[in-house]
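Asks: The structure is given below, and queries will be raised subsequently.
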Amino acid sequence: MEYNFREVEKNWQAYWAKNKTFKVENSSVKPKYYVLDMFPYPSGAGLHVGHPLGYIASDIFARYKRLKGFNVLHPMGYDSFGLPAEQYAIQTGQHPEITTKTNIARYREQLDKIGFSFDWDREVRTSDPAYYKWTQWIFIKLFNSWYNPETNKAENIETLIPKLNGFDKLSEKEQSDLLLEHRLAYLSDTMVNWCPQLGTVLANEEVKDGVSERGGYPVERKLMKQWSLRITAYADRLLNDLEGIDWTESIKEAQRNWIGKSEGTSLKFQVSGSDDIIEVFTTRPDTIFGVSFVTLAPEHELVSKITTPQQKTAVEEYTTFAKNRSERERMADVKKITGVFTGGYVIHPFTGKQIPIWIGDYVLAGYGTGAVMAVPGHDSRDYAFAKHFDLPIIEVVAGGDLSKESYDAKEGKLINSDFLNGLEVKAAVKKAISVIEEKGLGKGKTNFRLRDAIFGRQRYWGEPIPVYYENGIPKVLSETELPLVLPEVDKYLPTETGEPPLARAKDWKYKGVFEYEYSTMPGWAGSSWYFLRYMDAHNDQRFASKDAVNYWQNVDLYIGGAEHSTGHLLYVRFWTKFLYDLGLIPLTEPAKKLINQGMIQGVSSFVYRIGQSNKFVSHGLKNNHETTPLHVDVNIVNNNILDVEKFKEWREEYKNAEFILEDGKYICGSEVEKMSKSKWNVVSPDLMVEQYGADALRLYEMFLGPLELSKPWNTNGISGVSNFMRKLWRLYHNGDAINISDEKATKAELKALHKTIKKITYDIENFSFNTSVSNFMICVNELTELKCNKKDILEPLAIIIAPYAPHIAEELWNKLGNKESITYATFPEVNEEYLVESAFNYPVSFNGKTRFFQEYDLSLSKEDIEKEVLNHEQTQKFLEGKTPKKVIVVHNKIVNIVL
RNA sequence: GCCCAGUUGGCGGAAUCGGUAGACGCGCUGGUCUCAAACACCAGUAGGAAACUGUGCCGGUUCGACUCCGGCACUGGGUACCA
């Protein structure tokens, strides 16, 4: 009887569900281990084979840790607020909650088929009021907190008030405005990324190349009153704490760049003939004598004041132009240099010379002071600007050729620079700062590229922000009034007056009187703390009990996509630090170790239609015709060979299709692309499970290559692991019957097993899941060769394979006479004794090139081996009569003869 | 431009500390079984007739380099007028 995976897998999945095999308690005599996946957004398209890749890896690790005697928390849930359900609602009128529920049910069904060991009793959904009650609760905590630079942590806003002079004398409105400047969740007029098509603002992270990440709609800059979170207060800690966590260097580097710490100095320039001061920020104070103009951002507050009457028209034209230029245009032609002279001048603080003030949109209002001292000799942007407008270029650091390009390198000696002459750049920077500080012209300063995170979205399907307005003053709800439940609306669009959809809610007022905030929270709010909720998912008194958080602590292993590196992964670190500051949790980082699984790309197949006909030519012959490549469903193509009958059935229009074949087959072209419905290259895990079984899918996804690598999905290879499963099954059977012997295992059998235990242990601990699958294959091949059916070998083998292929492992374990699930068996220890070799087959090489092999006993000394090798007849042949210069014998490795 | 990762047979990939390059699998070729096919099983499979040559390219260190060092090219990802 062949292995019947359909029946076996169904039975064990039912067993696990019925017995709650993977339910975990918040206490145990065992050590704890927390394995977390980035939870999915349940989209309507369902899972494709790329999605489970990370889940399979984490599941293997979780199952391994259980076998190793750990109390393992391995939960799953849904990031269920978000745009697609809302867009669907706008189009169909279907409530997003209904869509979301349907999609979650479908996801659950797909996940269950793959045999994951999640503790479903801890499932969370961010759109569930019992969950978002606590998201709102954290928002209130953020609103009620400020960042104390002296203690370097967040504190209750009450500790700030005594520090504010004359606070008591202010009106309520003034007090509120002043405090908003310090609160960690605050309302302010902010330049936002406004997306008219989506009708909402977007965070910087949600804008890619000037268009929205979701949908690809144009985004423009707009000044709006907006809720933001003061993540910048945590910039330094977010940067420094990266040192202590085991995340990939690329993610850490991406976060470092995103935070963008740059150390420099501020410097004041007196405006000529006025009391006004223009303050600039520079990282190169050493180049102060190279300043030949100053550039302001078009939005700079002094622009209109400085502009002379003669330049007024030109400047106004330019600022209007700059304002109307969308972010996208600005990015699209970065190389296009635009700017205008204001007519005004500043006085150089050291030389006293008049320096012209220009406006240019290469200077950003939001960074530094919105003004730069332009040093065209040593900054490529200033150089381009100076060249374009024919402004002077002064060389102050020797080493470049300024006729060709600016010399930006931070090395060389200072010239033309008065008191800095002759110094190396590094020393000159120090000296310049000290002189600038001495003269009171400015001081050393650190700038961050990181911006505060805009927190409001003018959308429906998100957490309501728990705020109401009393006389225009924003006030938060009290904690006992939570959750503030998302109200029903008649439509999911903004109102006619442009207010967010929540303004449509009937009779939705705080205490029946005060207007609520109509924005909702962004998609990343719920995911910024979900790892804590899993620890105690049903607690209605606290986001998670103190005991639960103290017990589970950090996530030990977090697996998810690298696309979250500067979004979710930064926010979740921010919220963790904030909750730590308030003493609510004992950890400063969410996850100790992070692994990014690669993307699984699709391999699209193409057929080649001749002209407008219904005739298709095989790939190899297509150059003889005028053809159009058309995507064809990859599920009717096998090894690039098109199933022509299925193709005819695929679509009505191809019913009478004709083919020009090569060697009797229709060969398709192929290309690696993103896996997507429109490209007909989506392979669903359901189909794979149906055809090959969950275990085969799990093994194959791991076998495909290193977890972190992106790779194209190719169904062809799955037959290899499928064959392996059959071989494994046969090892335990003789015909239909289980066939296990109680005889003592032989040396060779023990060696095959223990070699595998050793390798698998090493592989799992190093997340090298692809090589484990190879090692299982080798092991089963060897044991098959040895005709091994000993219980002493096959029982431990079932255990080590269980994390990878849990269904077949359970079945075999059960057939071996065990009554309990294999889940809590004990992972076998490697016994090195079985691996000891007595001899080694030495490769004998000449000048590093292997020529022949000779086995020598390992007890032989180097000298003995050298003697033996030199006397070997093959050696004599390769020596060609010469005397070797040197013979190198590396014990248990190699013999090398140098000629 | 800057940062990160990568480049090994027809394909996915392996080589854990500088020591047999190509494990394992797919595909392909030949064979056994079969009326035939599928499945299964067996053998072969980096290139080359061979000498030899081969881990993106050029150079270096070493008895010995896919692995270390210097330079370059290409691919993928991130990021960008950040002063």
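The values are calculated or read from the model by the stated rules, or taken from the named source; none is laboratory data. Since the model is a prediction, treat every value here as computed from it, not as a measurement. A quick note on method: Cβ atoms are made from the backbone with ideal geometry, for glycine too, and the neighbour counts reach across all protein chains shown. The area values use the complete protein model at the heavy-atom level, side chains included, leaving out ligands, DNA and RNA. Shrake-Rupley method; radii C 1.70, N 1.55, O 1.52, S 1.80 Å.
Asks: For chain A, give me the percentage of DSSP beta bridges that are antiparallel, rounded to the nearest 5 percent.
Replies: Around 80 percent antiparallel, to the nearest 5.
Asks: While we're on this one: Could you tell me which residue out of A:N723, A:N789, A:A752 lies farthest along the dipole of the range A:714-834 toward its positive end? Charges go on the beta carbon: Lys and Arg +1, Asp and Glu -1, centred on the Cα centre.
Replies: A:N723
Asks: Can you pull out the trypsin sites (Lys or Arg not before Pro) in the range A:811-899 that DSSP calls coil and that have at most 13 other Cβ atoms within 10 Å?
Replies: Sparse-neighbourhood loop trypsin sites (Lys or Arg not before Pro): A:K819, A:K882, A:K885, A:K893.
Asks: In the range A:653-683, which trypsin sites (Lys or Arg not before Pro) fall in coil by DSSP and have 15 or fewer other Cβ atoms within 10 Å?
Replies: Here the sparse-neighbourhood loop sites are A:K655, A:K674.
Asks: Whole Å is fine, so just give me how far the alpha carbon centre of the range A:30-107 lies from that of the range A:124-184.
Replies: When both Cα centres are located, 33 Å separates them.
Asks: Going by the alpha-carbon gyration tensor, a ≥ b ≥ c the square roots of its eigenvalues, is the range A:344-393 rounded (a/c under 1.5) or, if a/c is not under 1.5, prolate (a/b greater than b/c) versus oblate?
Replies: It comes out oblate by the Cα gyration axes.
Asks: A further question on this structure: Quick check: pseudo-label points 7 Å beyond the Cα along Cα→Cβ at A:K305 and A:N723, how many nm apart are they?
Replies: The two pseudo-label positions are separated by 8.0 nm.
Asks: Once Lys and Arg get +1 and Asp and Glu get -1 on their Cβ, which of A:V637, A:I660, A:Q612 lies farthest toward the positive end of the dipole of the range A:600-687?
Replies: A:Q612
Asks: Dipole magnitude of chain A about its Cα centre, charges +1 at Lys/Arg Cβ and -1 at Asp/Glu Cβ only, in debye to the nearest 20? Kindly include the intermediate steps, with their values, before the conclusion.
Replies: Details: 109 positive and 121 negative charges, 127 e Å.
The calculation lands at about 600 debye.
Asks: Measure off 7 Å from each Cα along the Cα-to-Cβ vector at A:E671 and A:D246, then give the distance between these two points in nanometres to one decimal.
Replies: 4.2 nm
Asks: Distance between Cα centroids, the range A:233-305 to the range A:395-468: provide it in whole Å.
Replies: 5 Å
Asks: If you find the alpha carbon centre of the range A:660-686 and of the range A:623-641, how far apart are they in angstrom?
Replies: Between the Cα centre of the range A:660-686 and that of the range A:623-641, the gap is 7 Å.
Asks: Quick check for me: using +1 on Lys/Arg Cβ and -1 on Asp/Glu Cβ, what's the dipole size of the range A:728-878 about its Cα centre, in debye to the nearest 20? List each step's numbers first, then the result.
Replies: Numbers: 17 positive and 24 negative charges, 75 e Å.
It comes to approximately 360 debye.
Asks: Can you give the FRET efficiency to the nearest 0.05 for A:A45 and A:E97, using r as the Cβ-Cβ distance and R₀ = 25 Å?
Replies: 0.85
Asks: While we're here: So, taking all protein chains as they sit and a 1.4 Å probe, how much accessible area belongs to A:M777, in Å² rounded to tens?
Replies: Only protein atoms counted, so the area is about 40 Å².
Asks: Protein chains only, probe 1.4 Å: how do A:T826, A:T92, A:T480, A:T135 rank by accessible area, largest first?
Replies: Largest accessible area first, the list is A:T480, A:T826, A:T92, A:T135.
Asks: Okay, moving on. Want the number for A:K30 to A:D177: 0.36 nm per residue separation, take away the alpha-carbon distance, what's left?
Replies: Full-extension gain reported as 47.7 nm.
Asks: Can you sort A:V890, A:V207 by 1.4 Å-probe accessible area, starting with the largest? Please list the in-between numbers first.
Replies: Working: A:V890 60, A:V207 30 Å².
Sorted descending by solvent-accessible area, the residues read A:V890, A:V207.
Asks: Related question: Which shape class applies to the range A:714-834: rounded if a/c is under 1.5, otherwise prolate when a/b exceeds b/c and oblate if not, where a ≥ b ≥ c are the square roots of the Cα gyration tensor eigenvalues?
Replies: rounded
Asks: Something else now. Straight-line reach from A:K506: which lysines have Cα under 16 Å away, leaving out those fewer than 8 places along the same chain?
Replies: The qualifying lysines are A:K491.
Asks: Still on this structure: Which residue, A:L187, A:I231, A:V211, has the largest displacement toward the positive end of the dipole of the range A:184-242 when charges sit on each Cβ (Lys, Arg +1; Asp, Glu -1)?
Replies: Of the candidates, A:L187 comes out farthest on the positive side.
Asks: Continuing with the same structure: How much length would be gained if the chain were fully extended between A:N739 and A:E253, taking 0.36 nm per residue of separation minus their Cα-Cα distance, in nm to one decimal?
Replies: Values: separation 486, 0.36 × 486 = 174.96 nm, distance 5.50 nm.
The span from A:N739 to A:E253 would gain 169.5 nm if fully extended.
Asks: Follow-up question, since we're still on this one. Taking every pair of alpha-carbon atoms in chain A, give the share separated by more than 39 Å as a whole percent.
Replies: For chain A, the fraction of Cα-Cα distances above 39 Å is 58 percent.
Asks: What's the lysine pair count for the range A:342-482 at a Cα cut-off below 19 Å, pairs eight or more apart or interchain?
Replies: Close lysine pairs under the 19 Å cut-off: 17.
Asks: I'd like the accessible area for A:R221, computed on protein heavy atoms only with a 1.4 Å probe and all protein chains in place. Round to 10 Å², please.
Replies: Solvent-accessible area, nearest 10 Å²: 110 Å².
Asks: Which lysines does A:K163 reach when only Cα atoms under 19 Å apart count, and residues fewer than 8 places away in its own chain are ignored?
Replies: A:K153, A:K173
Asks: How long is the gain from A:E438 to A:E279 if the chain were fully straight, where each residue apart is worth 0.36 nm and the alpha carbon distance is subtracted?
Replies: Roughly 55.6 nm would be gained on extension.
Asks: For A:S678, tell me the accessible area in Å² from a 1.4 Å probe, rounded to the nearest 10.
Replies: For A:S678, the solvent-accessible surface is approximately 90 Å².
Asks: For the range A:484-576, state which trypsin sites (Lys or Arg not before Pro) are in a DSSP loop and have at most 14 other beta carbons lying within 10 Å of their beta carbon.
Replies: Sites meeting the loop and neighbour criteria: A:K491, A:K506, A:K511, A:R542.
Asks: Let me ask something else. Given R₀ = 25 Å, FRET efficiency for A:E481-A:D189 by Cβ-Cβ distance, to 0.05?
Replies: Efficiency at R0 = 25 Å is approximately 0.35.
Asks: Calculate, for A:V836 and A:L630, the FRET efficiency according to 1/(1 + (r/R0)^6) with r their C-beta to C-beta distance and R0 45 Å; round to the nearest 0.05.
Replies: 0.15
Asks: At 7 Å along the Cα-to-beta-carbon direction for both A:N539 and A:Q874, put a label point, then send me their distance in nm to one decimal.
Replies: Between A:N539 and A:Q874, the label points sit 6.8 nm apart.
Asks: Students often forget the sequence filter, so: which lysines lie under 19 Å Cα-Cα from A:K648 once same-chain residues fewer than 8 apart are removed?
Replies: A:K615, A:K665, A:K679
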